[in-house]
1. Taking into account only those residues within the range 259-299 that are touching a Lys or Arg at 6+ places or on another chain (Cβ under 6 Å) and open to solvent by less than 30 Å² (accessible area, probe 1.4 Å), which is nearest to residue 120 (Cα to Cα)?
2. Hey, among 279, 252, which residue is touching a residue at least 24 places away in the same chain (Cβ under 8 Å), over 21 Å from residue 158 (Cβ atoms) and out of contact with any Asp or Glu (no Cβ under 9 Å at 6 or more places or on another chain)?
3. Anything in the range 29-53 that is in a loop (DSSP other than H, G, I, E, B) and surrounded by 13 or more Cβ atoms within 10 Å (Cβ to Cβ)? List them, or say none.
4. For the range 231-260, how many residues are in a loop (DSSP other than H, G, I, E, B), within 17 Å of residue 192 (Cα to Cα) and at pLDDT 95 or above?
5. So which strands (runs of 3 or more DSSP E) are wholly in the range 60-113 and hold at least 2 residues that are more than 23 Å from the chain's Cα centre (by Cα)?
6. Which ones in the range 169-190 are open to solvent by 30 Å² or more (accessible area, probe 1.4 Å) and either assigned to a helix (DSSP H, G or I) or of a type in the set (Phe, Trp, Tyr) (or both)?
7. Only one residue in 221, 228 is closer than 23 Å to residue 127 by Cβ and assigned to a helix (DSSP H, G or I). Which one?
8. Could we say that residue 223 is in contact (Cβ under 8 Å) with a residue 40 or more places away in the chain, farther than 18 Å from residue 62 by Cα, surrounded by 22 or more Cβ atoms within 10 Å (Cβ to Cβ) and touching an Asp or Glu at 6+ places or on another chain (Cβ under 7 Å) here?
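The values are calculated or read from the model by the stated rules, or taken from the named source; none is laboratory data. Just so it is clear, the model here is predicted, and its values are computed rather than measured. Cβ sites come from the backbone with ideal geometry, for glycine too, and all protein chains shown count toward neighbours. All accessible areas refer to the heavy atoms of the entire protein, side chains included, with ligands and DNA or RNA removed. Shrake-Rupley method; radii C 1.70, N 1.55, O 1.52, S 1.80 Å.
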Amino acid sequence: MRALLSKAPGGPETLSLEEVLDPTPHPGQVVIEVKAVGINFPDTLIIEDKYQFRPERPFAPGAEVAGVIDAVGEGVKGLHKGDRVIAVPGWGGLVERIAVPAQSVIKMPDAMSFEEGAALIMTYGTSYYALKDRAGLKPGETLLVLGAAGGVGAAAVELGKAMGARVVAAASTNDKVEFALDLGADNGLIYPSGPMDKTAQKQLSGEFKLATGRDGADVVYDAVGGDYCEPALRAMDWNGRYLVVGFPAGIPSLPLNLTLLKSVSVVGVFWGAAAARDPAAHAVNMAELMGLYAEGKIRPRVSRTFPLERAGEAIKALGDRQALGKIVVTIDDPA
């Protein structure tokens with residue numbers, strides 16, 4: 001089968017498409033014929049050895065897949081060849097077939113496309129865990145989303161609205177803000193790109209406060225980091241919750257005196273570890289997400305697709321912050 005492999009640390013240009021042996025399922029596993037692979041920010045990091053996990057090389061990036069079960073290992077119950085499923089292996093997804101633990105597999109609704117399935121679990125799973133379990137977002141509260149047009153940010157906008165919050169979307173271009181408004185955000189603003197000095201940060205904080213209202217944001221969903229952190233923190237309400245989700249703009253230095261003055265909680269969001277530590281709670285969240293999908297309250301937006309042989313371009317496009325919503329790689333049998 002074909003696989004896009006990382007054989008040495010480096011950017012997307014270092015990945016190579018090669019033929020490798022087909023997997024066979026061990027006991028407790030299923031083999032999925034992959035139809036689509038969601039591309040996520042960790043894919044840009046893991047191939048450069050900058051992620052929390054460093055798989056032994058060679059390995060394929062690709063953290064989430066959707067496809068059809070091709071083979072079932074010994075002891076697996078409730079799953080059968082031909083079932084349409086989603087899985088989040090963490091890496092290894094940019095292949096034609098992959099073996100995964102059966103307990104990690106989620107059956108797809110009949111109405112869900114493979115592209116949607118591959119774009120759902122990591123972004124909506126992260127954002128739902130963040131907003132529901134870490135922030136305890138309540139109806140009527142104000143949610144400020146930084147990076148509101150990216151994968152997790154767009155999911156946070158939709159989920160925030162589904163949970164009854166007033167959502168303010170912040171992004172770096174007018175097109176991205178318009179995209180977030182189309183997702184249902186109540187208000188939006190454009191923030192500057194690149195590093196900011198203290199004067200620019202103070203001005204941005206004022207814009208955040210103006211957009212979120214007199215009292216400021218109850219919850220900040222920060223999937224950007226960098227110089228955007230302090231302005232957003234300054235624009236928060238008393239007893240606010242600041243969700244630390246990601247750092248594409250860099251890891252910020254947080255002025256802890258602001259957390260004291262505003263009684264703000266700074267809350268880390270590590271969805272993958274949380275799902276592994278509490279599978280029962282994860283299963284409940286996944287079932288609730290599928291219910292929201294069935295009700296039409298969430299819908300993954302796939303803005304671009306790439307074939308497997310151009311998956312390196314897909315990872316680069318995401319790393320360059322060109323994505324609106326999700327980028328997906330589709331896997332078709334070669335002609």
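1. Looking at the filtered set, the residue picked out is 269.
2. Exactly one of 279, 252 is touching a residue at least 24 places away in the same chain (Cβ under 8 Å), over 21 Å from residue 158 (Cβ atoms) and out of contact with any Asp or Glu (no Cβ under 9 Å at 6 or more places or on another chain), namely 279.
3. Correct list: 40, 47, 48, 49, 51.
4. Residues flagged as in a loop (DSSP other than H, G, I, E, B), within 17 Å of residue 192 (Cα to Cα) and at pLDDT 95 or above within the range 231-260 amount to 1.
5. Correct list: 64-72.
6. Those that are open to solvent by 30 Å² or more (accessible area, probe 1.4 Å) and either assigned to a helix (DSSP H, G or I) or of a type in the set (Phe, Trp, Tyr) (or both): 174, 175, 176, 178, 179, 181, 182.
7. Step by step, each of 221, 228 is checked, and only 228 is closer than 23 Å to residue 127 by Cβ and assigned to a helix (DSSP H, G or I).
8. Answer is no for this residue.
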